[in-house]
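Structure, as structure tokens:
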Amino acid sequence: MQYISTRDNSKKISSAEAIARGISSEGGLFVPESFPKYDGVTFEALMLMDYKGRAKKVIGDYLTDFTAEEIADCVDKAYTEEKFGTSNPAPISIVNHGDKKLCLLELFHGPTCAFKDMALQILPHLLTYSLKKTADGKKAVILVATSGDTGKAALEGFAGVKDTEIVVFYPSDGVSPMQKHQMDTTLGDNVNVCAIRGNFDDAQTGVKKIFTTDEIIKKLENNNMMFSSANSINWGRLLPQIVYYISAYCDMVNAGEIKLGDKINITVPTGNFGNILAAYFAKQMGLPVNKLICASNSNNVLTDFISTGTYDKNRKFITTVSPSMDILVSSNLERLLYLLGGRDDSLDKTYMSALNNEGKYTVNEAVKNAVQADFCGGCCSEDETIRTISSLYNDTGYLCDTHTAVAVNVYEKYVEETGDKTPNIIASTASPYKFSRAVLSAVVGEEITESDEFAIVDRLSALTNTEIPAPLEATRTMEDRFKNLISVDEMPQYVVNSLEL
Ligand SMILES: *Cc1c(COP(=O)(O)O)cnc(C)c1O
């Protein structure tokens with residue numbers, strides 16, 4: 001299986017190269033040249049397997065330049081019971097909310113309590129094998145600028161992984177107290193965490209500059225190292241996400257919720273369009289999917305795009321209680337447009353350069369119709385998010401986080417509007433304890449005045465009689481290891497010092 005750049009069809013590379021490079025040199029994203037096709041017989045076999053077995057099958061069908069032993073090694077290291085607390089890292093909880101059945105695919109049982117663990121626990125292992133195949137065993141240096149969830153998930157994924165170093169920069173005032181504490185307490189000899197004065201964009205700009213600074217690249221080369229990236233445009237982050245949609249379907253059939261071959265809908269709280277794109281890829285492989293429901297918060301640029309065919313980021317950025325979805329440029333949408341445009345690289349380039357120059361583009365009628373055939377979009381206000389958390393909790397006792405609440409709300413409105421009764425899976429992307437302040441305030445119906453994060457966590461746990469996730473509890477008494485606060489100009493020197501270049 002070869003991988004092709006969305007902006008240049010002549011660029012065809014192996015899966016190991018796609019993972020090692022992350023992004024194509026002209027700015028395109030790598031997509032598989034075709035999709036493996038699964039029929040009823042394949043699904044019957046998958047239904048008999050556990051999560052790891054399913055992951056080995058799906059990942060193996062895409063990474064054809066890896067041996068079966070290599071894939072098995074990566075999967076076995078990633079989805080351990082120790083790290084996910086259960087033998088199934090992606091279980092489904094079913095609750096009846098009013099007249100609607102909610103099948104919540106819980107993707108937050110990993111070490112950082114957000115769904116990004118599902119990919120970032122395995123990516124480091126895929127990456128080290130990829131580098132062995134393509135870059136002669138060079139040590140990979142992962143640079144990350146983060147607004148919260150990605151940074152900690154990447155740190156936990158790479159901590160202690162041989163032949164890797166990771167450096168994470170976060171804006172000192174741009175992450176939640178829990179997220180900051182989670183990052184600053186990360187253990188491991190190969191991890192480095194640093195706060196910067198500025199916002200997320202400043203951190204991101206600083207990182208991009210370091211990536212292309214010749215002096216630093218030379219120093220890395222002299223030390224047998226190279227830069228690599230762990231952000232969500234890397235194929236190695238998208239691929240592991242396909243697995244849990246296929247696995248969830250098998251679990252639904254095994255549980256008697258649906259029959260093999262029955263269609264389902266999938267609702268995903270969306271930011272960068274990575275998670276929902278993985279569901280679309282599963283559909284391309286033969287997963288019986290009717291509609292993919294793309295749920296946005298008040299930053300509803302995707303809702304507008306799906307209904308009008310015009311993507312327009314020229315609008316106010318809104319800070320919400322579901323911050324991991326506060327995003328105006330959904331990078332992974334480019335992969336969908338490329339595929340729906342008939343793998344036309346020049347058409348894709350036209351859209352992307354319009355986005356770059358004018359901040360917007362309108363897709364042609366064929367692409368728009370293709371988008372609408374597979375996707376529905378919906379959005380949810382802040383007020384609706386909070387009311388959804390409280391009504392779901394009060395009616396069913398199920399406590400969900402702010403991002404999942406957006407998906408629940410959008411799904412319920414979709415059913416009201418369309419009458420579509422197709423069984424539906426909702427991606428539940430974070431533990432409510434990661435966003436305790438907003439969740440507690442929804443449950444008690446008033447502002448939260450406590451300033452100490454663990455005081456809020458304790459109150460939420462006592463009130464709702466739910467358990468504080470072990471990985472968050474473990475950081476309660478941990479000292480912050482990393483206390484650096486630097487300016488953006490000092491970022492290159494921080495990298496040089498921490499890597500001892
Ligand atoms: C990253 C994130 C999302 C958005 O996922 P995308 O793949 O970027 O669309 C949703 N919820 C949570 C909790 C996240 O961390």
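The values are calculated or read from the model by the stated rules, or taken from the named source; none is laboratory data. Just so it is clear, the structure is predicted and the values come from calculations on it, not from any experiment. Positions of Cβ are generated from backbone atoms using ideal geometry, with glycine treated the same way; all protein chains shown enter the neighbour counts. The area values use the complete protein model at the heavy-atom level, side chains included, leaving out ligands, DNA and RNA. Shrake-Rupley method; radii C 1.70, N 1.55, O 1.52, S 1.80 Å.
Return yes or no: is Ser34 over 15 Å from Ala16 (Cβ atoms) and part of a loop (DSSP other than H, G, I, E, B)?
Values: over 15 Å from Ala16 (Cβ atoms): yes; part of a loop (DSSP other than H, G, I, E, B): yes.
Criteria met by Ser34.
Residue by residue through the range 446-462, note down the ones that are open to solvent by 70 Å² or more (accessible area, probe 1.4 Å) and closer than 21 Å to Thr385 by Cα.
Within the range 446-462, the subset open to solvent by 70 Å² or more (accessible area, probe 1.4 Å) is 446-447, 449, 451-452, 459, 462.
Correct list: Glu446, Glu447, Thr449, Arg459.
For the range 282-300, name all the residues that are under 14 Å from Cys380 (Cβ atoms) and outside any strand (DSSP E or B). So that I can check it myself, show each step before the final result.
Filtering the range 282-300 down to residues under 14 Å from Cys380 (Cβ atoms) leaves 293-300.
Listed by number, the residues that qualify are Asn297, Ser298, Asn299, Asn300.
Residue-wise test of (1) within 15 Å of the ligand (Cβ to nearest atom); (2) in a loop (DSSP other than H, G, I, E, B); (3) at pLDDT 95 or above.
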position: Arg315; (1), (2), (3): no, yes, no
position: Ile327; (1), (2), (3): yes, yes, no
position: Ser330; (1), (2), (3): yes, yes, no
position: Tyr338; (1), (2), (3): no, no, yes
position: Ser346; (1), (2), (3): no, no, yes
position: Lys349; (1), (2), (3): no, no, yes
position: Ala366; (1), (2), (3): no, no, yes
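Show me the helices (runs of 4 or more DSSP H) entirely contained within the range 373-474 in which 2 or more residues are of a type in the set (Ser, Thr, Tyr), in the same structural domain as Asp326 (by TED's automatic domain parsing) and in contact with a Cys (Cβ under 9 Å, 6 or more places away or on another chain).
Working: elements: 382-396, 402-418, 436-444, 453-464, 470-474.
By residue number, 382-396, 402-418.
Given the structure, is Thr164 among the polar types (S, T, N, Q) and open to solvent by less than 30 Å² (accessible area, probe 1.4 Å)?
Working: among the polar types (S, T, N, Q): yes; open to solvent by less than 30 Å² (accessible area, probe 1.4 Å): yes.
Here the answer is yes, as Thr164 does meet what is asked.
Within the bounds of the range 194-217, is there any residue that is under 23 Å from the mean Cα position of the chain (by Cα), within 13 Å of the ligand (Cβ to nearest atom) and assigned to a helix (DSSP H, G or I)?
Taking the range 194-217 first, the residues under 23 Å from the mean Cα position of the chain (by Cα) are 194-195, 199-208, 211.
Subset that is within 13 Å of the ligand (Cβ to nearest atom): none.
Within the range 194-217 (the criterion being under 23 Å from the mean Cα position of the chain (by Cα), within 13 Å of the ligand (Cβ to nearest atom) and assigned to a helix (DSSP H, G or I)), the answer is no, since none of the residues qualifies.
Could you grab me the full set of residues in the range 129-177 that are touching a residue at least 12 places away in the same chain (Cβ under 8 Å) and either among the polar types (S, T, N, Q) or at positive phi (or both)?
Listed by number, the residues that qualify are Ser130, Thr134, Gly137, Thr146, Ser147, Gly148, Thr150, Gly160, Asp163, Thr164, Ser172, Ser176.
Which of the numbered conditions does Lys259 fail, given that it passes all the others? Conditions: (1) assigned to a helix (DSSP H, G or I); (2) touching a helix residue (DSSP H, G or I) at 6+ places or on another chain (Cβ under 9 Å); (3) over 18 Å from Ser381 (Cα atoms).
Here Lys259 clears every test but (1).
Run Ala295 past the list (1) out of contact with any Gly (no Cβ under 8 Å at 6 or more places or on another chain); (2) buried (at least 24 other Cβ atoms within 10 Å of the Cβ); (3) small (Gly, Ala, Ser) and report the number of the one that doesn't hold.
Exception for Ala295: condition (1).
Determine which single condition Met225 fails, assuming it passes every other condition in (1) surrounded by fewer than 18 Cβ atoms within 10 Å (Cβ to Cβ); (2) touching a residue at least 60 places away in the same chain (Cβ under 8 Å); (3) more than 29 Å from Phe108 (Cα to Cα).
The failed condition is (1).
Please go through the range 263-282 and give me each residue that is within 7 Å of the ligand (Cβ to nearest atom) and of a type in the set (S, T, N, Q), ordered by number.
Scanning the range 263-282 gives Thr270, Asn272, Asn275.
Given (1) assigned to a helix (DSSP H, G or I); (2) within 21 Å of the chain's Cα centre (by Cα), where does Ala90 come up short, assuming only one miss?
(1)
Scan the range 57-73 for residues that are open to solvent by 50 Å² or more (accessible area, probe 1.4 Å) and assigned to a helix (DSSP H, G or I) and jot them down.
Of everything in the range 57-73, those that are open to solvent by 50 Å² or more (accessible area, probe 1.4 Å) and assigned to a helix (DSSP H, G or I) turn out to be Lys57, Ala68, Glu69.
For the range 298-330, how many residues meet the condition of being of a type in the set (A, V, I, L, M), open to solvent by less than 10 Å² (accessible area, probe 1.4 Å) and closer than 24 Å to Pro432 by Cα?
1
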